[in-house]
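Since the structure comes first, as structure tokens, the remarks are kept for the end.
The values are calculated or read from the model by the stated rules, or taken from the named source; none is laboratory data. Note that the structure is predicted; figures quoted are calculated from it, not measured. So basically every Cβ, Gly included, is an ideal-geometry build from the backbone, and we count neighbours across all protein chains shown.
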Protein chains: 2
Amino acid sequence: MSEARLIALDWGSTRLRAFLLGASGEVLATRQSDDGAATLKGADVYAAALNALVGDWRAEQPQLKLLACGMVGSQYGWKEAPYVRCPGDAAALAAQALAIDASLSFIPGLVDDAAQPDVMRGEETQIVGALALQPALAEDAVLVLPGTHSKWARVRGGKVTGFATHMTGELFALLRQHSVLNRLMPADGSSPASPEAFLKGVDAAQEAGGLGHQLFAVRTLGLFKQLAADQLPDYLSGLLIGHEITSELQDASRRVALIGDPALCARYAQALQHLGQPAPLLLDNTAPAGLWALAQTMKLI
Amino acid sequence: MSEARLIALDWGSTRLRAFLLGASGEVLATRQSDDGAATLKGADVYAAALNALVGDWRAEQPQLKLLACGMVGSQYGWKEAPYVRCPGDAAALAAQALAIDASLSFIPGLVDDAAQPDVMRGEETQIVGALALQPALAEDAVLVLPGTHSKWARVRGGKVTGFATHMTGELFALLRQHSVLNRLMPADGSSPASPEAFLKGVDAAQEAGGLGHQLFAVRTLGLFKQLAADQLPDYLSGLLIGHEITSELQDASRRVALIGDPALCARYAQALQHLGQPAPLLLDNTAPAGLWALAQTMKLI
């Protein structure tokens, strides 16, 4: 424990993840709890959740600073760290970090208000981490963070110049669980993966007709036995991810990096290559690296 | 009661509606129950539901025929009346009606399998009714039946040549009730209508970026107070209906008729005219007229 330098907190809507970072930013220990920002209310409750997870780390090294990113800093979280506007970089995020007390600070989110406003909280830190780990991306790249609300960020000259959110993961979950499309599907989680059905969905997304129409084929392909019941979830996934990628590809002659859950990133990589794109760079969760880089910029360490 | 000639049944997933029709097809009486096809299982249960609603009509005039359309004739209903393929018309539907017993028959649905299969059950009968009531539509028109699963049917020379389903109403309900988008909205049903927010959503649907991205603006426009909380449901409705119409408009130099719930049809008419289309023809539920026309073709009356 003596070599710890920072407690990095990735505090999202559904989970709190803590990383104890060493002298060169390496992860010494990891912990997590279900105390996500969506389930907590009131500063005392947040403080108690933090103490429950890392109270012993803090007791052992009271001088350690804590730096958090994610929904904990939203207007519905512990305390709001107002958004930084695009174009934004690590320096701007660090400069507008919100100090909660002498040892704990929150990284703000980013807003792109060039057209209708779009927002991220947590992903800005993962982007900083990706650029720290892969400096070649800083010049000109598209960074994609797939998930419930996927983010497609354009990076140029070290700054996030703009980004777009796609509700792909949430639409998948809603349609999978609550819509007429689930009736012909096996129960959640019981399907073996069908890359064939997934790519068939990606291809269907390239056709005319619109997403609201194409979704209905998940039902009819099952009804007419053109896909097996356990292929339908992958077809639905391909359709939604295919739409997301197709909406963004106009912009993607640049280098593409995928950041996040490896299985989900592999799915996006498969779709991108199926659509003729080069193999994207794959990065796992870069939030610890981002918090480390921001802590350095903030001179916390 | 002596003048009754037919019991017409519009038997969908959620409701059973019965119409007692007179000598010229006029509606003499209407009844409905919640015994939709989605809630019933087994022939006895269907027969009992039918008897509960119109048993007295049948007892008074045992010679009356009954003709039903809708999900009652699906493979998950009472008994399947196999789909008629496009192009299809009243004669084809009548020829392939399924006799359940000496007095009760089911109208089949339609399938368009030119590309990925698309299906309707119940709407084919409403289309027959619309063409009976408005013969000028038979030559060349687009008939739109908005709803949970909206149908856009192309009619030429009296036949349905093809159609497309859009899951617009279901997506609205899912997103309104279960998604992150509902968090900033007032509880269901408490919003005054905002035609301004609706048309703003219709306009947003014309922009690039894709539906999965544009949906997220329902959240951010609320977050940044660019729309009031009670305007968000109408913005979401405009976005979804705008996407549906835009996907189909490539095809719509033809005459457009809207069939169904007057409030919902008025919303579609408003969006169509906002997008530069001429005022569409508006028709209320045309299922009784369709069942009457089909009963004539079948020589039941």
Worksheet item: Residues of the range A:118-129 being hydrophobic (A, V, I, L, M, F, W, C) and not in a helix (DSSP H, G or I), which ones?
Response: A:Val119, A:Met120
Worksheet entry | Failed item, numbered, when B:Leu275 is tested on (1) under 17 Å from the mean Cα position of the chain (by Cα); (2) more than 14 Å from chain A (Cβ to nearest Cβ) | (1)
Worksheet item: If you scan the range A:157-187, which residues turn out to be within 22 Å of B:Phe172 (Cα to Cα) and of a type in the set (A, V, I, L, M, F, W, C)?
Response: A:Ala164, A:Met167, A:Leu171, A:Phe172, A:Ala173, A:Leu174, A:Leu175, A:Val180, A:Leu181, A:Leu184, A:Met185
Discussion item. Could you go through the range A:62-82 and let me know if any residue there is of a type in the set (D, E, K, R), within 16 Å of A:Gly290 (Cα to Cα) and in the same structural domain as A:Gly25 (by TED's automatic domain parsing).
Written reply: yes
Discussion item. Quick check on B:Ala97: is it within 21 Å of B:Ala153 (Cα to Cα) and either away from every other protein chain (no Cβ under 13 Å) or not small (Gly, Ala, Ser) (or both)?
Written reply: yes
Practice prompt. Kindly establish whether B:Gln75 is part of a strand (DSSP E or B), of a type outside the set (A, V, I, L, M), under 25 Å from the mean Cα position of the chain (by Cα) and surrounded by fewer than 16 Cβ atoms within 10 Å (Cβ to Cβ).
Written response: no
Worksheet item: Name the pairs: first residue in the range A:239-250 and over 10 Å from A:His166 (Cα atoms), second residue part of a helix (DSSP H, G or I) and among the small types (Gly, Ala, Ser), Cβ to Cβ under 9 Å, at least 6 apart or on different chains?
Response: A:Leu239/A:Gly201; A:Leu239/A:Ala204; A:Leu239/A:Ala217; A:Gly242/A:Gly201; A:Gly242/A:Ala204; A:Gly242/A:Ala271
Discussion item. So B:Leu294 ticks every box in (1) away from every other protein chain (no Cβ under 13 Å); (2) in a helix (DSSP H, G or I); (3) of a type in the set (A, V, I, L, M); (4) within 24 Å of B:Met167 (Cβ to Cβ) but one. Which box is left unticked?
Written reply: (4)
Worksheet item: Among the residues of the range B:54-64, is there at least one that is assigned to a strand (DSSP E or B), in contact (Cβ under 8 Å) with a residue 12 or more places away in the chain and away from chain A (no Cβ under 14 Å)?
Response: no
Response to the item:
Checked the range B:100-113 for anything under 10 Å from B:Met298 (Cβ atoms) and of a type in the set (Gly, Ala, Ser); matches are B:Ser105
Worksheet, complete the sentence: Residues of the range B:96-117 being under 13 Å from B:Glu80 (Cα atoms) and part of a loop (DSSP other than H, G, I, E, B), in sequence order, are B:Gln96, B:Ala97, B:Ile100, B:Ile107, B:Pro108, B:Gly109
Worksheet item: Would the range A:81-92 turn up any residue that is among the β-branched types (Val, Ile, Thr), away from chain B (no Cβ under 14 Å) and farther than 27 Å from A:Glu3 by Cα?
Response: yes
Worksheet entry | Residues of the range A:2-47 that turn out to be of a type outside the set (Val, Ile, Thr) and part of a strand (DSSP E or B), as a count | 16
Worksheet item: If you check B:Gln231, B:Gln273, B:Gln226, B:Gln214, which single one turns out to be out of contact with any strand residue (DSSP E or B) (no Cβ under 8 Å at 6 or more places or on another chain), more than 30 Å from A:Gln75 (Cβ to Cβ) and either touching a residue at least 40 places away in the same chain (Cβ under 8 Å) or of a type outside the set (Lys, Arg) (or both)?
Response: B:Gln273
Worksheet item: Somewhere in the range A:13-34, is a residue acidic (Asp, Glu), within 30 Å of A:Ala164 (Cβ to Cβ) and surrounded by 13 or more Cβ atoms within 10 Å (Cβ to Cβ)?
Response: no
Practice prompt. For B:Ala132, indicate whether it is of a type in the set (A, V, I, L, M, F, W, C) and outside any loop (DSSP other than H, G, I, E, B).
Written response: yes
Worksheet item: Which residues, taken from the range B:220-248, are within 11 Å of another protein chain (Cβ to nearest Cβ), in a helix (DSSP H, G or I) and not hydrophobic (A, V, I, L, M, F, W, C)?
Response: B:Thr220, B:Gly222, B:Tyr235, B:Gly242, B:His243, B:Glu244, B:Thr246, B:Ser247, B:Glu248
Discussion item. Filter the range B:260-301 down to the residues that are crowded, with 21+ Cβ neighbours inside 10 Å and either aromatic (Phe, Trp, Tyr) or on the phi > 0 side of the Ramachandran plot (or both) and list them by number.
Written reply: B:Gly260, B:Tyr268, B:Trp292
Fill in: Unique match (being on the phi < 0 side of the Ramachandran plot, under 21 Å from the mean Cα position of the chain (by Cα) and modelled with pLDDT under 95) among B:Gln116, B:Gln134, B:Gln32
B:Gln116
Worksheet item: Can you pull out the residues in the range B:119-147 that are surrounded by fewer than 24 Cβ atoms within 10 Å (Cβ to Cβ) and of a type in the set (Asp, Glu)?
Response: B:Glu139, B:Asp140
Worksheet entry | Counted residues, the range B:35-58 - those being surrounded by 16 or more Cβ atoms within 10 Å (Cβ to Cβ) and hydroxyl-bearing (Ser, Thr, Tyr) | 1
